1. Which residues, counting only those in the range 278-304, are touching a residue at least 60 places away in the same chain (Cβ under 8 Å) and surrounded by fewer than 19 Cβ atoms within 10 Å (Cβ to Cβ)?
2. Kindly check whether there is at least one residue in the range 84-95 that is in a loop (DSSP other than H, G, I, E, B), buried (at least 24 other Cβ atoms within 10 Å of the Cβ), in contact (Cβ under 8 Å) with a residue 40 or more places away in the chain and more than 14 Å from the ligand (Cβ to nearest atom).
3. Can you go through 302, 270, 252 and tell me which one is within 30 Å of residue 49 (Cα to Cα), at pLDDT 95 or above and more than 23 Å from the chain's Cα centre (by Cα)?
4. If you scan the range 233-247, which residues turn out to be closer than 24 Å to residue 24 by Cβ and touching a helix residue (DSSP H, G or I) at 6+ places or on another chain (Cβ under 7 Å)?
5. Out of 162, 131, I need the residue that is in contact (Cβ under 8 Å) with a residue 12 or more places away in the chain and either more than 15 Å from residue 264 (Cα to Cα) or outside any helix (DSSP H, G or I) (or both). Which one?
6. Of all the strands (runs of 3 or more DSSP E) wholly in the range 1-61, which have at least 1 residues that are at pLDDT 50 or above and away from the ligand (no atom under 16 Å from the Cβ)?
7. Given the criteria surrounded by fewer than 23 Cβ atoms within 10 Å (Cβ to Cβ), away from the ligand (no atom under 16 Å from the Cβ), more than 15 Å from the chain's Cα centre (by Cα) and under 23 Å from residue 254 (Cα atoms), does residue 119 qualify?
8. Looking at the structure I just gave you, is residue 278 at pLDDT 95 or above and touching a helix residue (DSSP H, G or I) at 6+ places or on another chain (Cβ under 6 Å)?
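The values are calculated or read from the model by the stated rules, or taken from the named source; none is laboratory data. What you are looking at is a predicted structure, and each value in this text was computed from that prediction instead of being measured. When we count neighbours, we look across all protein chains shown, and the Cβ atoms used for this are built from the backbone with ideal geometry, even at glycine.
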Ligand code: X1X
């Protein structure tokens, strides 16, 4: 007999399927991308690692290509404990449930790759994870990411003057819009699934993203100019619904936690290494024109007061100081 967990949506979209007779468990994951994207490969690695570490039967059902929606949908599913059990997602897409979590992927947080890796290998982000667990019942089981986010536009942008008034899409967390407003751009929060069409129809002139996703979803077709603002190195938690986790046998919980950490390290190495390669591939294929940005130091000056005010409003000034000091 198959038992479908969860609330209303569960009848149609069961997440963890437990066959009482066979004690067989299926964990469902979701990716907005195809099998070539680092997120998908990291979730596949996570599945393999869990199966290696756990003695019992556990199956994985990974849905690709946005079949189950985009991250803004995934966060609701995870919070409600329906449709999916785990995924990888941007903290800034979880802001509705946990206002502090976007601090970990706000633009200009990290000086460089070494700083980013030091933060992600430490437990400094634990207070933010705790808020996500308490308010959304979503657990961070590892950290991947490592893509560098740049501005992508349907026209060339070289400097601050040309960034002024740039109609761009940003992720849903208010801090994202605040930062790009401070840079004098004109940001608006638009669903990721609408970005391609919004650029094509002229509603916006571009957005900001990392190479892996620009290539995977072919955003260069509508926005072929990439300006190297290098404003963020991505932090992408591997997350699991608390409702799923609590239903797992203890040895499987242990396997999930270990596998999450290891898959995260795998994904960070993979996406960081592939980031420059993918940019080069798109440039070589003449899909993208890559432009230097002339005023990057000025960007930093404009942004720091916004970061400080945001951290202050969350009561997280000490945390921000700790991150900056690493
Ligand atoms: O901008 C977004 O919403 C997305 O950009 C990339 O595809 C990824 O970083 C993804 O996590 C999401 O944030």
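1. 281, 287, 289, 290, 292, 294, 295, 296, 298, 300, 302, 304
2. Yes: the range 84-95 contains one or more residues that are in a loop (DSSP other than H, G, I, E, B), buried (at least 24 other Cβ atoms within 10 Å of the Cβ), in contact (Cβ under 8 Å) with a residue 40 or more places away in the chain and more than 14 Å from the ligand (Cβ to nearest atom).
3. Just a single option satisfies the conditions, and that option is 252.
4. Residues satisfying the conditions are 238, 239, 240, 241, 242, 245.
5. Exactly one residue qualifies, and that residue is 131.
6. Counting at least 1 such residues, we get 17-19, 24-30.
7. No, not satisfied.
8. Yes; evaluated as a whole, the condition is true for this residue.
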